[in-house]
1. What FRET efficiency comes out for Arg301 versus His114 if R0 is 45 angstrom and r is the Cβ-Cβ distance? Round to the nearest 0.05.
2. Have a look at the range 277-384 and give its Rg and Dmax from the Cα atoms, expressed in angstrom.
3. Can you compute the FRET efficiency between Leu332 and Ser91 using 1/(1 + (r/R0)^6), with r the Cβ-Cβ distance and R0 = 35 Å? Round to the nearest 0.05.
4. List the pairs from Lys115/Lys237; Lys322/Lys357; Lys133/Lys279 whose alpha-carbon separation is above 27 Å, in the order I gave them.
5. To check my understanding: the extent here is largest minus smallest coordinate of the Cα atoms along each principal axis. What are those three numbers for the range 167-313, in Å, largest first?
6. Can you list which of the GluC sites (Glu not before Pro) found in the range 132-235 are DSSP loop residues with at most 14 other C-beta atoms within 10 Å?
7. Considering amide H positions built from the backbone, and no H for Pro or chain starts, which residues 5 or more places from Tyr173, or on another chain, come under 5 Å of its amide H?
Amino acid sequence: MKCLPFTIRDKNGEPKTTKSVSVRSTSTSMSADRDMRTSWSELMSQNASDFSTASSATAVNPFAILSQRQSNLREFTFEELKASTKNFSRSLMIGEGGFGGVYRGIMRSTDDPHKKIDIAVKQLSRRGLQGHKEWITEVNVLGVVEHPNLVKLLGYCAEDDERGIQRLLVYEYMPNRSVQDHLSSRFQTPLSWTMRIKIAQDSARGLTYLHEGMDLQIIFRDFKSSNILLDDQWNAKLSDFGLARLGPSSGDSHISTLVVGTIGYAAPEYIQTGHLTTKSDVWSYGIFLYELITGRRPLDRNRPKNEQKLLEWIKPNLSDMKKFQTILDPQLEGKYSLRSAQRLASVANRCLVRHPKTRPKMSEVLAMVDRIVEAMETGSPKAPLRSVATNDELEKSRTERFKRRFLDPITGEMGWLVCWTWRPKLMKTC
């Protein structure tokens, strides 16, 4: 029996429920399986050490146990999950990633045996140990955090037999799929503008909690539209924490890691140096806001060459109000608030400044998005003109204000975007 226990404290210093994750191994006579079990055990230890990101020998592991409590995560058997997904039927597959497939399943509720609940089961590939560290990290993160805008992990399964190691994760089912699915025209009805603003607000709440809502700091490191899922009430929740890392220890400005993530979302300083901070997530959030505004992916090789990179395409259209309207998602069919779109672009530009230290914290970003939502709900009165001016003068004044507000923050001190110095060989696409 291998146990990974954790304790977390909220901002007030009060200990929250500790969740202890147990992973079982069964014996087998095959030498290949013995080797695999050894690697499994070693990687468990290695990953727990890596996730703590201690900067010195005396650093305190933020997951150290302060009080032993019963785990809230359920340990499923492989046979249970096999039955719930009809032997992992392709007809029930709702997603597929680099480490395996995700299936919809049905199980009886532990609270009410007469009630059935929908679940999502992620099955990692049984071939080798690819994705093992991500699996462990996912359990580590979702085993200690809980927030309305984070997908809930219900339990896990870890068994090994003659077929290899079975590694599965069981989540709450999110019936409305991912934000990327809706932006990529997979659904006939596109997301409304009001819904997009709400999604921006929900995802900002989730990131703010990870960065600032606990006495430890978690960097998501793979924030993107496909990792933002929508529940039956269209609430947005962050998912897939396999690449998450704890923030730097006290006194450190960053942690150094292998550059991984998804091309198009990673912050330029992280790509160039491997230095990871919460401001890397802030950059990714800014990219995501422009996804909501334009309906386009950060990098789309299927578009004309001058339109493949989202930030390069939008840059010439930010200095003029009429040009700005041309970048808004045509699927909206003009049904949007131009003022709120401009304000959301302004927030995105604040997140996309070149120097990470000058980017806002996620709590500040959330406050800005909250004000946009409030203005849309109540309607903000327009200030009267102080003097009479000609139409040409008014247009010129509006253009200059728009240019200062939207173009300057994103172009940085040198007056141009520095965001596409990619190193694909270092990146792991997801």
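None of the figures in this text is laboratory data; all of them are computed from the coordinates on show. In this text the structure is predicted, and so the values were computed from the model without any measurement. For neighbour counting, all protein chains shown are included, and Cβ atoms are generated from backbone atoms with ideal geometry for every residue, glycine included.
1. On the way: r = 51 Å, r/R0 = 1.13.
In this case the efficiency is close to 0.30.
2. 14.5, 46
3. On the way: r = 33 Å, r/R0 = 0.95.
Using R0 = 35 Å, I get an efficiency of 0.60.
4. Details: Lys115/Lys237 24 Å; Lys322/Lys357 32 Å; Lys133/Lys279 24 Å.
Listed pairs above 27 Å: Lys322/Lys357.
5. 49, 39, 33
6. Working: sites: Glu134, Glu138, Glu146, Glu159, Glu162, Glu172, Glu212; in loops: Glu146, Glu162.
Listed in order of number, the matching sites are Glu162.
7. Residues meeting the criterion, in which the H sits 1.01 Å from N, are Ala120.
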